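Remarks on the structure that follows.
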Amino acid sequence: MLDLILRDAVTPDGARVDIACKDGRIAEIAAKIDAEAGEVIEAGGYLVTPPFVDSHFHMDATLSFGLPRVNESGTLLEGIALWGELKPQLTIEALKERAHELCRWAIAKGTLAIRSHVDICDKRLLAVDALIEVRKEIKPYINLQLVAFPQDGYLRDPNAAEQLSRALDKGVDVVGGIPHFERTMEEGAQSVRALMAIAGERGLLVDMHCDETDDPNSRHIETLNAETVRHGMQGRVAGSHLTSMHSMDNYYVSKLLPLMKKAGVAAIANPLINITIQGRHDTYPKRRGLTRIKEMLGMGIPLALGHDCVMDPWYSLGSHDMLEVAHMAVHVGQMTGMDEMRAMFDAVTTGAAAILHLDGYGLDAGCQADFLVLQAHSPVEAIRLRPARLYVIRRGKLIATTPPVASQLDLDGKQHSVDFTRTARQ
């Protein structure tokens, strides 16, 4: 007998299916499955999707808003300074407590894979130790991938090189960097070369904070592209943020994007943070700051979206809802075409999973039985409504439920039930 059957669900491509699960994997997906199972869930024609994936997050800082003070300017640099004030006060217990609370939020929102950058510029490596423990403890529910992130600059911090090596030895998964925060453009490029060499030697993936600035002359993505090709790491490297590209002239970008495509470097944009932090020094016109996601998609560059922050020194809001991230990308990137909106859904599901090299992800027989049912009928409707996650399934087991949302109106003595679902004509 099967462990679980999900009946009458609609996939992102519009197919109406049943999904059968056995031993933690999808045993069968078909229009109608005639079988018995220990648990049966009726989807009622609602959307089933693989889990949401947050490709860029900072779990060591999450839920620390107001500690030790609030970022009044809202700038990236004040946030970094504030985090520097907080680091000496960190404890493993507090780090783990906040991380586990965030993970519970993520599960409730159907986000079952997270790539979190972890600051290694603390001689104690408390955040590294804490999140390695969290990664093990949360593994039954969330795939947590950790990036060794030299927040204070790989060359700028005299201890960063040794500490990054220690973090990788402890089992951190991915090599990170922040070249635009180094003291000079030249040192920024040197840091990219050094970090790429480390990743190449160790056989690790790379995800580098790259050009997270309004300065159009911050062009470390060039070096990242070149080093990716030099080390033969095509398909294993991502540049996160890339916000300087928003301010670059079109001629230069017409050269840069083909280089990214040829190098196989992926882009990870963070719409909630990019629209909040970038352009802080502008009056009007004020730049949005989000990198050129529309042009990247047109070029065929792999793209994912990240939440980046939830209630921390850089961002005071958030509930770790990846549909809110996609919703912001649609608006800021002016991605309102039907195919464009579906692409933004992919950027928090299948596209993100590919960039993170997640094993067994998807809605095919043989994949891990990880999926969720949304109170919506299509990816576009899901982005519009950011609806309830009715059911969250991990390895074929139901781990979270949310009741359907409905409003009852009493107008002129008549009762009305409001249903906001209305799939757009395509």
- prompt: Of (1) within 22 Å of GLY74 (Cβ to Cβ); (2) touching a residue at least 60 places away in the same chain (Cβ under 8 Å); (3) in contact with a helix residue (DSSP H, G or I) (Cβ under 8 Å, 6 or more places away or on another chain); (4) in a helix (DSSP H, G or I), LEU323 satisfies all except one. Which?
  reply: (1)
- request: Give the range 1-45 a look and list any residue that's small (Gly, Ala, Ser), without any contact (Cβ under 8 Å) to a residue 40 or more places away in the chain and assigned to a strand (DSSP E or B), or say none.
  value: ALA20, ALA30, ALA37, GLY38
field: Exclusive hit being crowded, with 18+ Cβ neighbours inside 10 Å and under 21 Å from ASP364 (Cβ atoms), set ASP23, ASP54, ASP18
entry: ASP18
query: Can you name every residue in the range 385-408 that is in a loop (DSSP other than H, G, I, E, B) and either hydrophobic (A, V, I, L, M, F, W, C) or farther than 28 Å from THR336 by Cα (or both)?
result: ALA388, ARG395, GLY396, THR402, PRO403, VAL405, ALA406
- line: Taking the range 332-345 and keeping only residues that are within 18 Å of the chain's Cα centre (by Cα) and in contact (Cβ under 8 Å) with a residue 60 or more places away in the chain, one is left with VAL332, GLY333, ARG342, PHE345
- prompt: Taking the condition assigned to a helix (DSSP H, G or I), in contact with an Asp or Glu (Cβ under 8 Å, 6 or more places away or on another chain), assigned by TED's automatic domain parsing to the domain that holds ARG287 and within 23 Å of VAL348 (Cα to Cα), does ILE268 pass?
  reply: no
query: Can you pull out the residues in the range 192-212 that are in contact with a Ser or Thr (Cβ under 6 Å, 6 or more places away or on another chain), in a loop (DSSP other than H, G, I, E, B) and without any contact (Cβ under 8 Å) to a residue 40 or more places away in the chain?
result: ASP211
query: Is it the case that the range 87-108 has a residue that's more than 19 Å from the chain's Cα centre (by Cα) and in a loop (DSSP other than H, G, I, E, B)?
result: yes
query: When you look at ALA382, is it buried (at least 21 other Cβ atoms within 10 Å of the Cβ), assigned to a loop (DSSP other than H, G, I, E, B), in the same structural domain as TYR46 (by TED's automatic domain parsing) and small (Gly, Ala, Ser), yes or no?
result: no
message: Is it the case, given these coordinates, that LYS255 is touching a helix residue (DSSP H, G or I) at 6+ places or on another chain (Cβ under 7 Å), modelled with pLDDT of 95 or more and not hydrophobic (A, V, I, L, M, F, W, C)?
response: no
query: Looking at the range 237-278, which of its residues are small (Gly, Ala, Ser), more than 17 Å from the chain's Cα centre (by Cα) and within 30 Å of GLY318 (Cα to Cα)?
result: SER244, SER247
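The values are calculated or read from the model by the stated rules, or taken from the named source; none is laboratory data. Please read all numbers here as calculations on a predicted model, not as lab measurements. Methodologically, a virtual Cβ is constructed for each residue, glycine included, from the backbone with ideal geometry; neighbour enumeration extends over all protein chains shown.
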